[in-house]
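Beneath this line is the structure, given in structure tokens, with notes to follow.
The values are calculated or read from the model by the stated rules, or taken from the named source; none is laboratory data. All of these numbers come straight from a predicted model, not from anything done at the bench. We place every Cβ from the backbone using ideal geometry, glycine too, and count neighbours over all the protein chains shown. These area figures cover heavy atoms from the full protein model, side chains too; ligands, DNA and RNA do not enter into them. Shrake-Rupley method; radii C 1.70, N 1.55, O 1.52, S 1.80 Å.
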Amino acid sequence: MIVTKEDSKENLNPYEVAKKQIETAAEKLGLEPHIVEMLKRPMRVLSVSFPVKMDDGSIQIFEGYRSQHNDALGPTKGGIRFHPDITLDEVKALSMWMSFKCAVVGLPYGGGKGGVICDPRTLSTGELERVSRGFIEAISQIIGPDKDIPAPDVYTNPQIMGWMMDTYSRMNHAFSPGVITGKPLIIGGSKGRNEATARGCVITIQEAMKKLHLPLKGATVAIQGFGNAGRIAAKLLAELGCKIVAVSDSTGAIYDPDGLNLATVEHVKDHQTLLDYGAQYEIEPSQLLELDVDILVPAALENAITAANADRIQAKIIAEAANGPTSPEADQILSGKGIMVIPDILANAGGVTVSYFEWVQNLMNYYWSEEEVNQKLADIMVRSFHAVHETAEQYGTDLRTAAYIISIKRMAEAMKARGWV
Ligand SMILES: NC(=O)C1=CN([C@@H]2O[C@H](COP(=O)(O)OP(=O)(O)OC[C@H]3O[C@@H](n4cnc5c(N)ncnc54)[C@H](O)[C@@H]3O)[C@@H](O)[C@H]2O)C=CC1
Ligand SMILES: O=C(O)CCC(=O)C(=O)O
């Protein structure tokens with residue numbers, strides 16, 4: 001979680017933030033109080049501890065969580081995060097955002113999320129494998145292709161998904177690729193999944209720029225976070241003619257008003273640290289968010305933009321590749337400044353959308369071309385962006401509340417149809 005130094009009195013606990021977002025949309029909808037209460041809680045949360053043998057022969061006990069928010073629309077779905085600062089409330093919030101994300105783009109899923117408290121950067125490959133397998137064994141009772149389907153998130157990747165799928169398959173004595181998505185291609189991964197989060201985000205940026213009558217070519221972009229989401233978004237936006245002027249990762253931030261040389265940035269990132277791009281380009285990470293750019297892409301962790309810095313944001317569009325980067329007070333400030341925020345549950349829904357395609361392909365055991373995947377993704381993202389935009393106009397809200405309105409309606413309808421509420 002990124003919390004700015006000059007923290008305000010805002011409650012930045014992600015679970016509280018998620019609940020507030022639900023309340024705002026529910027009020028607009030005049031939703032029945034018991035449905036609001038249902039949506040504000042995960043249906044199931046599992047907290048686990050499991051032992052892992054370390055390379056030096058010692059045994060370390062790891063802790064993790066899996067939260068399943070609401071499965072009215074289908075099996076729960078969402079990533080597994082490995083991070084030293086993970087909390088149960090954070091995982092609960094992330095699972096709630098997954099439900100609304102799947103619902104807003106019309107996927108037949110509920111929301112889930114998992115997390116293991118660990119720093120993968122300090123683990124050897126063998127230790128990382130044993131942590132991954134240990135966690136899946138610990139949560140194996142509540143996951144499955146028709147129950148809850150994990151995927152990658154921060155500091156997890158296709159290799160980790162491969163180990164996890166293997167553990168689950170061995171435990172069940174059956175090859176079960178549909179239990180997890182984001183796998184390596186050779187064991188049932190989908191073409192296009194690795195790029196999908198960024199690709200979906202870029203599609204929403206393209207649609208937003210059209211709405212604002214702004215040209216994409218030459219538009220300046222700052223990106224916070226240079227992992228799966230941020231790095232690929234930078235590449236795709238550069239291919240569309242945007243000028244990537246600033247990027248950051250957990251080690252720091254770099255800025256060149258004339259545009260960074262992306263190939264060099266990628267090279268230093270792969271071989272050294274981002275800051276080896278050149279000392280003259282270093283800026284404070286917090287400055288990146290406040291640059292005078294057309295497009296700001298937070299692609300790291302929660303609470304990047306809060307009441308403490310929102311009034312200094314100058315971007316015209318904020319596309320939330322990360323989950324939960326903007327606090328509710330910041331949302332109000334940004335809306336007052338006329339900044340268009342493409343909310344996380346829409347902007348980063350490309351990842352889970354292609355995860356859905358991967359799961360469908362696994363269940364059929366029949367695989368699609370990358371073109372087919374990307375076209376289906378584009379159809380869903382464009383349609384969803386415009387549905388959210390129209391809903392915002394209809395209800396007189398920002399895009400986040402509009403996205404919640406669409407998803408809450410779908411979830412409430414499903415809960416009613418199943419006779420729950
Ligand atoms: N991978 C996926 O398919 C999806 C990811 N997301 C969200 O996107 C965000 C990023 O996830 P990934 O790119 O997958 O993770 P990743 O593990 O591939 O990359 C994370 C990046 O964030 C950077 N980072 C960490 N702390 C930072 C800080 N304090 N300031 C600046 N950068 C920092 C890391 O150095 C790394 O570059 C997360 O919020 C995640 O939940 C959302 C939807 C799908
Ligand atoms: O691909 C998925 O199933 C979920 C990805 C994810 O964790 C997210 O969208 O936040």
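Overview of values
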{"item": "Extreme residue, farthest from ligand 2 (Cβ to nearest atom), among residues of the range 107-151 that are in contact with a Phe, Trp or Tyr (Cβ under 9 Å, 6 or more places away or on another chain) and of a type in the set (S, T, N, Q)", "result": "140"}
{"item": "Only listed residue being at pLDDT 95 or above, of a type in the set (Ser, Thr, Tyr) and under 18 Å from residue 79 (Cα atoms), chosen from 220, 197, 204", "result": "197"}
{"item": "Given (1) among the aliphatic types (A, V, I, L, M); (2) closer than 15 Å to residue 323 by Cβ; (3) open to solvent by 10 Å² or more (accessible area, probe 1.4 Å), number of the condition residue 46 does not satisfy", "result": "(2)"}
{"item": "Scope the range 172-188; condition part of a loop (DSSP other than H, G, I, E, B), under 21 Å from the mean Cα position of the chain (by Cα) and closer than 17 Å to residue 146 by Cα; matching residues", "result": "180, 181, 182"}
{"item": "Matching residues in the range 116-127 - criterion: being assigned to a helix (DSSP H, G or I) and open to solvent by 30 Å² or more (accessible area, probe 1.4 Å)", "result": "121, 122, 125"}
{"item": "Matching option when the condition is in the same structural domain as residue 297 (by TED's automatic domain parsing), open to solvent by 10 Å² or more (accessible area, probe 1.4 Å) and part of a helix (DSSP H, G or I), among 332, 375", "result": "332"}
{"item": "Residue within the range 216-231 that is more than 11 Å from ligand 1 (Cβ to nearest atom), assigned to a strand (DSSP E or B) and surrounded by 24 or more Cβ atoms within 10 Å (Cβ to Cβ) present", "result": "yes"}
{"item": "Number of positions in the range 158-183 that are basic (Lys, Arg) and more than 15 Å from ligand 1 (Cβ to nearest atom)", "result": "1"}
{"item": "Residue among 153, 148, 119 that is in contact with a Pro (Cβ under 8 Å, 6 or more places away or on another chain), within 15 Å of ligand 1 (Cβ to nearest atom), in contact (Cβ under 8 Å) with a residue 24 or more places away in the chain and among the acidic types (Asp, Glu)", "result": "119"}
{"item": "Every residue from the range 30-81 that is among the polar types (S, T, N, Q), more than 30 Å from residue 395 (Cα to Cα) and touching a strand residue (DSSP E or B) at 6+ places or on another chain (Cβ under 6 Å)", "result": "47, 49, 60, 67"}
{"item": "One residue from 272, 280 being out of contact with any Phe, Trp or Tyr (no Cβ under 9 Å at 6 or more places or on another chain) and modelled with pLDDT under 95", "result": "272"}
